[in-house]
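Below you'll find the structure, written out as structure tokens, and then a few comments.
Read-outs: derived from the displayed coordinates by stated rules, not from any lab. Bear in mind the structure is a predicted one, so any value in this text is a computation, not a measurement. No Cβ is skipped: glycine too gets one built from the backbone with ideal geometry, and neighbour counts run over all protein chains shown.
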Amino acid sequence: MTQHRALLVWAIVLAVSAGFFLLCLAMGEQWINPLHASGQDAMILWELRLPRLLTAFAVGGLLALAGAWFQVLLGNPLAEPYVLGVAGSASAGAVAALMWLPDTTWVMSAGAFVGAWLGIVCVMFFARSGPDKMLLAGVVLAAFWSAMLGLLLALLPEQTLFRAFSWMMGDVSGSDIPVPLLLAIWGGALLCGCLLSRSLDILLLGERHAEALGIDVQRLRQQLLFLASTVTALAVTAAGTIGFVGLVVPHFMRLLLGSLHHRVLPAAAMGGGILLMLADTIARTMIAPAELPVGILTAIIGVPVFLFLLLRRRS
């Protein structure tokens, strides 16, 4: 891709992103023009919708970055946090925390963070055996965490079941992590990815080529695993279980911009945010005043894409 074409693509991406952001901000049970809002409408826009949109943007971007890193780490376009079982272990941690600790959002968030890291440690144990075994271990562990989650839900008191179910299916409205902190984490994760982009491009050539070109492959894999796992744990802690964003967005950006990571990672960080903003807007407006869990919509989008990639990889 030439420099002029890349600049044109980025100009289009930024313009489309701004348009989608304003559209999502205006949409709701009540349509509000952001440029002429006042009184109660202004309060709804800037105190309710805006923080929720920014949370969705940051969480979606973090999940997309984590998916892109996992795909390079494992050399497999089907890898992403949901498939590797990290999201399932986080859900199990959150529900386990509700069983033995007070019923608060902070307790669920802390349990989710601990659970995510427990799942990460389990996957890291198999990372030394090779990327293929790591991916297989992730799929098996995802099934295990799903079974543990079912057991915990069966034992959970009735008064906490609704909170657990809503969090498990994804909810960007109940995050206790401040929006500025989430956006700062998004920016820091993107910066780290851009600093590693050249090494990621070389790693795509194969481990032998990367080592011949002076890349410490083992250290790079450890850095990737730590970064991807940390942002996944933070995203799941903030918004619950939201799957397939890390699968769909990086793959689409590679088709659009090529495989060079200094283009793919910024585009994935923005594209994941836009996708989750749109999904959350649809979730809160489709059956207003009730709301759909945003994780259901991302799964509806992601499952067909996953199956398409699986069939394409097999052929």
field: Restricting segment 241-263 to residues that are out of contact with any Leu (no Cβ under 6 Å at 6 or more places or on another chain), over 17 Å from L84 (Cβ atoms) and of a type outside the set (A, V, I, L, M), the residue that is surrounded by the most Cβ atoms within 10 Å (Cβ to Cβ)
entry: R254
- prompt: What number of residues within segment 166-215 are among the aliphatic types (A, V, I, L, M), surrounded by fewer than 17 Cβ atoms within 10 Å (Cβ to Cβ) and either free of Cβ contacts under 8 Å to residues at least 60 places away in the same chain or touching a Leu at 6+ places or on another chain (Cβ under 8 Å) (or both)?
  reply: 8
message: Name the residue that is nearest to the chain's Cα centre (by Cα), counting only residues in segment 284-306 that are within 20 Å of I44 (Cα to Cα) and surrounded by fewer than 21 Cβ atoms within 10 Å (Cβ to Cβ).
response: L292
- prompt: Among the residues of segment 278-298, is there at least one that is closer than 29 Å to G115 by Cβ, part of a loop (DSSP other than H, G, I, E, B) and small (G, A, S)?
  reply: yes
- request: Tell me, please, whether a residue that is within 9 Å of the chain's Cα centre (by Cα), in a helix (DSSP H, G or I) and under 30 Å from M108 (Cβ atoms) can be found in segment 233-244.
  value: yes
- request: Look through segment 41-90, keep the residues that are out of contact with any Phe, Trp or Tyr (no Cβ under 7 Å at 6 or more places or on another chain) and of a type in the set (S, T, N, Q), and return whichever of them is surrounded by the most Cβ atoms within 10 Å (Cβ to Cβ).
  value: T55
